[in-house]
Each structure stands twice: as C-alpha cells, then as structure tokens.
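Below: the structure, in structure tokens.
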Amino acid sequence: MSKREKTNARTSRKYTTVSIPYALYEKIRNFIKGTGFKSVSDFVTWLLREFFVAIEEEKEEKTSKVQDRIIKALQALGYL
C-alpha cells in the first residue's frame, strides 16, 4: 500500500460525536495532561476499546469455564 493510500485510508474513517457532560470533559482533560493523549477524544476512544477488549476476554473466560464443566460432566458420565 502506498503512502498516499495509507493516508486516504486513515482520513476515510467515519467518526461521530458523543456528548458528555462538560464537567466530565474537564476532568478527563485535566487527567490526561502529560500522558501522551492528544485529546479527550483520543483518551475516550482508547478507554472504550480497552473496555470492550476486557468484556470479550471475560466472555471467553466464562465460555471456557462452561466448556470445562461440560467436559467434566461428560467424563463423569463415561461419555468421554
């Protein structure tokens, strides 16, 4: 992919506006000072991505636990 194509791919991302209370915006703005985040929007985007990654990992962990219980039950019944 050429440099121009990469630039076009980045600028063609679609964004939307999410409204938050101004007091919360100010808290976040003060919190991220000196952290490397360029804006409140960057921080909130990162935070939401991390949140959803954690949820997915939790789902996978629960699924794994359920599968383990099913396997143990089938073993106890002599099916495995």
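Sequence gap of 8 or more, or different chains, plus Cα separation below 22 Å: how many lysine pairs satisfy both in the chain? It would help to have the intermediate numbers written out before the result.
Working: Lys3/Lys14; Lys6/Lys14; Lys6/Lys38; Lys14/Lys38; Lys27/Lys38; Lys59/Lys72; Lys62/Lys72.
Within the chain, the lysine pair count is 7.
Match the structure shown to one of the listed values (i) 10.5; (ii) 5.3; (iii) 7.2 of mean projected area of the Cα convex hull in nm², computed from it, and give that label.
Matching the structure shown: (i).
Each reported figure results from applying straightforward, stated rules to the coordinates on display, with no laboratory input. Because the structure is predicted, anything quoted here is derived from the model rather than measured.
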